[in-house]
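A.B. asks: Here it is, the structure, as structure tokens.
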Amino acid sequence: MTNFLLENGMPLYAITWIFMLPIAATLIVMGRQIVGIKGFGLAMPLLLGFAFAATGIRLGLSMLLVVVVSAYIIRSILGNFRLLYLPKTALIITGSALVLMFIAPFLPYKDNLQFPMATFSFLLIILSLEQFYAFLSERGLRKTVGITIETLSLSVIIYFLLTSVAVQGIVIEYPAFTLIAVIVINLFLGRWTGLRLSEYIRFKDVIFKQ
């Protein structure tokens with residue numbers, strides 16, 4: 001499968017990331033179903049994890065901080081205009097994109113960083129803001145901070161997964177086995193009815209007294 005894609009002109013890094021996507025998604029599902037890490041759904045940890053892998057963890061986190069802060073400032077300004085949710089969200093994304101366009105030429109890119117991939121990653125981070133602010137509006141700051149920490153934890157784990165040479169080697173050498181394993185694991189998790197690890201910790205006094 002890998003050789004067929006290479007022979008048809010697909011870059012090796014693109015093949016690797018395509019095969020790694022189901023693994024990363026499965027890892028998030030395991031974190032939610034077994035451990036109890038919630039996060040902002042499935043898409044946002046994936047987007048941030050791939051963004052961190054493209055830019056590097058330090059630069060990725062720095063860019064995320066810039067985007068969140070700039071979006072918060074823009075959101076505060078737009079709050080005085082009583083705009084509908086979707087137009088306001090579009091303006092927040094537009095403003096954040098302009099901030100990134102302004103600071104992008106001054107970023108300390110590494111020699112191995114591909115500028116198109118980095119730019120695309122930053123756009124993914126901007127698109128993830130809609131879900132962030134929707135949750136903030138509905139649940140409040142305290143719960144949003146907690147979910148954000150869990151999301152970042154999942155994203156960092158995905159970053160290390162994507163940048164692991166050992167995992168990349170397994171995925172490239174055994175793509176069919178990898179996909180079958182992912183399908184089997186998700187079928188198992190789809191029928192998971194046991195307690196999560198976080199629930200064991202939370203209710204340990206009740207569980208172990210029985």
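A.B. asks: Where in the chain are the DSSP H helices whose C-alpha atoms run 24 Å or more along the long axis and whose mean Kyte hydropathy is at least 0.5?
C.D. replies: Working: long enough: 12-30 (27 Å, 2.13); 57-78 (31 Å, 2.02); 85-103 (27 Å, 1.67); 141-162 (31 Å, 1.40).
Flagged H segments are 12-30, 57-78, 85-103, 141-162.
A.B. asks: Next question. Output the relative contact order of the chain, whole-number percent, from Cα pairs under 8 angstrom with separation of 6+ residues. Please report the intermediate quantities before stating the final value.
C.D. replies: Working: 167 pairs, mean separation 86.6, N = 210.
RCO, the chain: 41 percent.
A.B. asks: Something else: Mind checking the dipole of the chain: about its Cα centre, +1 per Lys or Arg Cβ, -1 per Asp or Glu Cβ, Debye to the nearest 20? Walk me through the intermediate numbers first.
C.D. replies: Numbers: 15 positive and 8 negative charges, 182 e Å.
It works out to roughly 880 debye.
A.B. asks: Suppose only helical runs count, i.e. DSSP H with n ≥ 4. What mean residue ellipticity at 222 nm does that imply for the chain under -39500 (n - 2.57) per run, divided by all residues and rounded to the nearest 500 deg cm²/dmol? Please report the intermediate quantities before stating the final value.
C.D. replies: On the way: 12 runs with 162 residues, N = 210.
Value at 222 nm, helices only: -24500 deg cm²/dmol.
A.B. asks: For the chain, compute Rh as the Kirkwood radius over C-alpha pairs and then the Stokes-Einstein diffusion coefficient at 4 °C and 1.567 mPa s; write the answer in µm²/s, rounded to an integer.
C.D. replies: On the way: Rh = 19.1 Å.
Approximately 68 µm²/s, per Stokes-Einstein.
A.B. asks: Put +1 on the Cβ of each Lys and Arg and -1 on the Cβ of each Asp and Glu in the chain; which of Gly60, Leu129, Leu12 then has its Cα farthest toward the positive end of the dipole?
C.D. replies: Leu129
A.B. asks: I need the P(r) histogram for segment 1-94: all alpha carbon pairs, bin width 10 Å from 0 out to the longest distance, whole percents.
C.D. replies: 13, 28, 30, 21, 6, 1
A.B. asks: Continuing with this model, one more query. If eta is 0.890 mPa s and T is 25 °C, what Stokes-Einstein diffusion coefficient results for segment 146-210, Kirkwood Rh from Cα pairs, in µm²/s?
C.D. replies: Working: Rh = 15.0 Å.
D = 164 µm²/s.
None of the figures in this text is laboratory data; all of them are computed from the coordinates on show. Bear in mind that the values here come from a model prediction, so they are computed numbers and not experimental data. As a convention, Cβ positions derive from the backbone with ideal geometry for all residues, glycine included, and neighbour counts pool all protein chains shown.
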